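Chemist: Please read through the structure below; I'll follow up with questions.
The values are calculated or read from the model by the stated rules, or taken from the named source; none is laboratory data. Remember, it's a predicted structure, so these values are computed and weren't measured experimentally. Glycine gets a Cβ as well: all are built from the backbone with ideal geometry, and neighbour counts include every protein chain shown. Please note that ligands, DNA and RNA were not included when accessible areas were found on the heavy atoms of the full protein model with its side chains. Shrake-Rupley method; radii C 1.70, N 1.55, O 1.52, S 1.80 Å.
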Amino acid sequence: MEQRGECLAKVQLLRDQFENLEKHTQWGIDFVDKYTKFVKERCEIEISYAKQIRNLSKKYQPKKNSREEEEHKYSSCRAFLATLNELNDYAGQHEVIAENLTSQIVSELARYTQELKQERKSHFHDGRRAQQHIENSWKQLEACKRRFERDCKEADRAQQYFEKMDNDINVTKADVEKARQQAQLRHQMAADSKADYSACLQKFNQEQNEHYYTLIPHIFQGIQDMEERRILRLGDSMKTFAEVDRQVVPIVGKCLDEITKAAESIEPKSDSQLVIEAYKSGFEPPGDVEFEDYSQAMKRTVSESSLSNSKGEGKPEKSSGKGKGKLWPFIKKNKGSGPEDFSHLPPEQRRKKLQQKIDDFTKEIQKELDQRDALTKMRDVYIKNPQMGDPSSVDPQLADISQRIEKLRFEAQKFEGWLAEVEGRMPTRSDPPRRQSGLYDGQNSTPVSNSCAQDRESPDGSYTEDPSSEAQLKVPVPDFDDEFDDEEPLPTIGTCKALYPFEGQNEGTIAVTEGEVLYVIEEDKGDGWTRVRRNEEEEGYVPTSYVEVCLDKDAKGSMTYI
């Protein structure tokens with residue numbers, strides 16, 4: 001009885017161990033699924049991060065036909081563009097991380113989990129079958145044992161009955177014989193049950209020994225190997241998780257090195273020099289402002305202010321006239337789009353704008369020429385192969401292109417003329433020292449006849465504030481040559497003294513030497529030129545900033561100095 005209870009305890013314990021192992025191995029599979037989900041979410045984060053980085057890089061990329069393209073000439077802007085490009089490559093590496101994690105971990109672990117579930121199912125199926133077999137063997141042994149016990153008891157009772165009948169004198173001999181045979185039968189049955197029980201017990205012991213020392217250890221070993229492979233596979237996946245990141249570290253480092261290199265390539269002095277070149281006006285700084293003595297007008301007599309007495313005398317003093325405007329750094333900018341020839345801009349800025357317009361016209365002309373060449377070739381093909389098309393169908397397009405080309409060339413020539421005018425007025429290194437800025441060597445002899453703000457600009461870069469001067473400038477000014485063809489000479493209205501020598505190489509100008517005194521026959525109208533006369537036959541224009549003018553108060557109503 002004690003042995004039977006011990007066997008039952010062992011069977012129950014084995015059953016409990018299988019249940020615990022089933023729970024543990026199921027937890028192991030769930031843990032693999034959990035890690036797989038973790039890696040999958042990491043991949044989603046990497047993809048989302050890479051997408052955001054790419055969108056950020058794209059957002060700050062310079063737009064076409066915008067001011068940002070002009071900013072590309074600065075080293076800091078180029079460095080920022082390089083940073084954006086490297087950041088785009090940096091985002092690509094995070095996409096590589098997500099791709100490698102998906103292929104090397106997520107997909108592999110998903111496939112391995114299915115294999116692991118099948119293997120686990122097989123091991124526990126074998127364990128349950130072995131457990132069921134040993135339980136059935138035990139039940140069979142118990143049945144044999146109970147039958148043997150019952151047969152033994154039946155044999156004892158039959159033997160006792162036979163002995164009782166044999167000792168009873170009142171019982172017939174036939175009854176005794178019958179009891180003896182029954183007792184022998186029971187003893188034979190007990191012997192057979194004993195043999196069956198012995199054979200069943202021997203078989204059970206063999207099966208139990210094989211169960212506990214062969215089958216169950218083999219199953220447990222298989223489960224243990226499965227668990228160890230699962231743990232090892234999980235560890236390898238964690239190594240791969242780190243290795244995938246480590247593989248892109250050199251490339252990410254290279255991207256960061258390129259960003260650092262781009263930052264180190266920034267040249268502040270070069271950028272500031274570009275700003276200077278882009279926005280310099282072309283004017284020279286103004287000279288010192290001279291003292292204007294208004295008391296001289298009260299002290300002068302009529303004889304002192306006459307032309308005969310003032311001619312050849314000391315340097316006349318200056319007074320501010322209506323044409324005197326603000327210095328060029330303080331000129332208010334035109335808030336509108338400005339005139340077509342950009343005359344509202346300073347000389348250097350105007351030159352750049354005109355050159356840019358000429359370049360744009362050149363590109364447009366070249367584009368139209370290329371289109372005309374293509375249409376010409378198409379027409380030649382139609383002429384050689386009439387079945388492909390009518391050559392005359394191309395003629396209207398060619399005529400339109402020719403008209404557009406002529407129009408573009410006319411516009412380009414117009415801007416080239418303005419550019420030549422600006423370049424002729426630009427200062428050179430050989431310019432003489434100036435009392436005021438804004439006069440350029442090689443200035444055109446013909447005053448500008450348009451009504452733009454440049455026409456109202458004085459030689460020192462300021463604008464005249466005299467409304468009458470502006471009204472005069474709106475009327476086209478005749479060329480110098482036409483003005484010199486007048487039959488009656490203009491009367492003198494004052495004198496002027498040359499402060500600097502002027503060669504007067506352009507037509508309509510007159511050469512003067514430093515200190516020379518000339519007669520003024522026409523004052524500056526706001527274009528930067530004063531008309532003077534040396535003698536009855538020699539007269540012309542000189543730069544107003546090159547001379548010190550003293551107008552006769554009788555001619556202008558008051559003595560005025562420019």
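Chemist: Would you mind checking which residues have amide H under 5 Å from Gly494's amide H? H placed 1.01 Å from N; only 5 or more apart, or other chain.
Modeler: Here Val520, Asp552 satisfy the definition.
Chemist: Moving on to the next point. Please list, in order along the range 104-121, the HN-Hα scalar couplings obtained from phi with the Karplus expression 6.51 cos²θ - 1.76 cosθ + 1.60 (θ = phi - 60°), rounded to whole Hz, x for Gly and Pro.
Modeler: 8, 10, 4, 5, 5, 5, 4, 5, 5, 4, 5, 5, 5, 5, 5, 5, 4, 4
Chemist: Grab the other residues whose beta carbon is less than 12 angstrom from that of Asp151, score K and R as +1, D and E as -1, and report the net.
Modeler: Neighbour charge sum, excluding Asp151 itself: +3.
Chemist: In addition: Using packing as a proxy for protection, rank 44-56, 258-270 so that the peptide with the highest average count of other Cβ atoms within 10 Å comes first. Let's see the in-between values first.
Modeler: Numbers: 44-56: 15.2, 258-270: 13.3.
Result, highest mean Cβ count within 10 Å first: 44-56, 258-270.
Chemist: Okay, moving on. Between Trp529 and residues 5 or more places away or on another chain, which pairs have amide H atoms under 5 Å apart, with H built 1.01 Å from N, and which residues are they?
Modeler: For Trp529, whose amide H was placed from the backbone, the distant partners under 5 Å are Thr544.
Chemist: Could you tell me the distance between the Cα centroids of the range 393-415 and the range 497-559, to the nearest Å?
Modeler: 46
Chemist: Sticking with this structure for a sec: With a/c under 1.5 counting as rounded, go ahead and sort the range 342-405 into rounded, prolate or oblate using the C-alpha gyration tensor (a ≥ b ≥ c being the square roots of the eigenvalues; past the cut-off, prolate if a/b is larger than b/c, else oblate). Provide the component values of the computation, followed by the final result.
Modeler: On the way: a/c = 8.64, a/b = 4.13, b/c = 2.09.
Note, shape of the range 342-405 comes out prolate.
Chemist: Provide the solvent-accessible area of Trp418, counting protein heavy atoms only and rolling a 1.4 Å probe, rounded to the nearest 10 Å².
Modeler: Estimated to the nearest 10 Å², Trp418 gives 50 Å².
Chemist: Sort Asp271, Asp370 by accessible area with a 1.4 Å probe, largest first.
Modeler: On the way: Asp271 20, Asp370 80 Å².
Heavy-atom accessible area, descending, gives Asp370, Asp271.
Chemist: Quote the charge dipole size of the range 180-251 about the Cα centre in Debye, to the nearest 20; the model charges only the Cβ of Lys and Arg (+1) and of Asp and Glu (-1). List each step's numbers first, then the result.
Modeler: Values: 9 positive and 10 negative charges, 80 e Å.
Taking the Cα centre of the range 180-251 as origin, the dipole is about 380 debye.
Chemist: With θ taken as phi - 60° and the coefficients 6.51, -1.76 and 1.60, list the Karplus ³J(HN,Hα) couplings across the range 166-173 in order, rounded to whole Hz; mark glycine and proline as x.
Modeler: 6, 8, 8, 6, 7, 8, 6, 5
Chemist: Explain nothing, just compute: Karplus ³J(HN,Hα) = 6.51 cos²θ - 1.76 cosθ + 1.60, θ = phi - 60°, for every residue of the range 499-508 in order, whole Hz, x for Gly and Pro.
Modeler: Karplus values, whole Hz, x for Gly and Pro: 8, 9, x, 9, 6, x, 7, 6, 5, x.
Chemist: Name the residues whose placed amide hydrogens come within less than 5 Å of the amide hydrogen of His344, ignoring near sequence neighbours (fewer than 5 apart) on the same chain.
Modeler: Ala453, Gln454
Chemist: For a 31 Å ceiling on Cα separation, which of these pairs sit above it: Lys121/Lys203; Lys261/Lys352; Lys352/Lys407; Lys73/Lys377? Mind showing how you got there, number by number?
Modeler: On the way: Lys121/Lys203 29 Å; Lys261/Lys352 33 Å; Lys352/Lys407 22 Å; Lys73/Lys377 40 Å.
Flagged as over cut-off: Lys261/Lys352; Lys73/Lys377.
Chemist: Might you report the magnitude of the Cβ-based charge dipole of the range 52-189 about its Cα centre, with Lys and Arg at +1 and Asp and Glu at -1, to the nearest 20 debye? Mind dumping the intermediate values first?
Modeler: Details: 26 positive and 23 negative charges, 66 e Å.
Roughly 320 debye, rounded to the nearest 20.
Chemist: Taking the Cα centre of each part, how many Å lie between the range 58-136 and the range 178-193?
Modeler: Measuring centre to centre over Cα atoms gives 83 Å.
Chemist: In addition: Could you tell me, in Å, what Rg and Dmax come out for the Cα atoms of the range 53-118?
Modeler: My reading of the Cα-based Rg and Dmax gives 20.3, 66 Å.
Chemist: Provide the FRET efficiency to the nearest 0.05 for the Leu490-Glu290 pair, computing r from the beta carbons and using R0 = 35 Å.
Modeler: On the way: r = 29 Å, r/R0 = 0.82.
Using R0 = 35 Å, I get an efficiency of 0.75.
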